[in-house]
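The values are calculated or read from the model by the stated rules, or taken from the named source; none is laboratory data. No experiment lies behind these values; they were computed from the predicted model shown. Note that each Cβ is placed from the backbone with ideal geometry, even for glycine, and that neighbours are counted across all protein chains shown. For the accessible areas, the whole protein counts, side chains as well, though only heavy atoms, and no ligand, DNA or RNA atoms are used. Shrake-Rupley method; radii C 1.70, N 1.55, O 1.52, S 1.80 Å.
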Amino acid sequence: MSTPSSAAGPVSTDVIEIERALTRIAYLAGRARQHERLMALAGLSLDRAAVAILRHIAESEPLRPGVLAVRLSVEASHVTRQLGQLEKGGYVIRVPDPDDRRAQRIQLTDAGLAAVERIREASRRGMAVALADWAPEDLGQLAGLFRRLADDFVAHAESDVDIPPSA
């Protein structure tokens, strides 16, 4: 087993393998074909950006569009365009911001909440199929490690990482 290294020191082979695996998982999960399959299972026709926005709103309180753009790390105009489509589809509504009556926040409608639940259920079914042969104790360990990984990513999201210049 490799010993942990400091941020400035050499990267362990375990970290290299984790990075490769996460990159591969992100690629596989983000493919257009995978998204189309998810939408077919959920019985919806939303693009990937719309799904990301709906999921994010569902996991938080109603947000201002600008805050949503920052949290998703995308341009505000992109979020505004997507929100317009979601609003036309009946998935979101604009509500007054209680802190500033001149501003608006975005909130899911009942149809938006139902869509998110259908997406989550379809995603969970796909995950269950992929992990069907895993032992329950392995699933528990993986779940705990993923929670810890996500928490650590959030905790260190703003910290600087020393990346040496290319030779």
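Table for the structure above
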item	result
Unique match (being more than 17 Å from the chain's Cα centre (by Cα), at pLDDT 95 or above and not hydrophobic (A, V, I, L, M, F, W, C)) among D110, D99	D110
Enumeration of residues in region 121-148 that are without any contact (Cβ under 8 Å) to a residue 40 or more places away in the chain, under 17 Å from H35 (Cα atoms) and under 17 Å from the mean Cα position of the chain (by Cα)	R124, M127
Residue in region 89-106 that is open to solvent by 80 Å² or more (accessible area, probe 1.4 Å) and assigned to a loop (DSSP other than H, G, I, E, B) present	yes
R71 vs. criteria open to solvent by 70 Å² or more (accessible area, probe 1.4 Å), of a type in the set (K, R), more than 17 Å from the chain's Cα centre (by Cα) and at pLDDT below 90	no
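Conditions (1) assigned to a helix (DSSP H, G or I); (2) of a type in the set (D, E), marked per residue:
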site: D14; (1), (2): yes, yes
site: R24; (1), (2): yes, no
site: L54; (1), (2): yes, no
site: S60; (1), (2): no, no
site: S77; (1), (2): yes, no
site: T80; (1), (2): yes, no
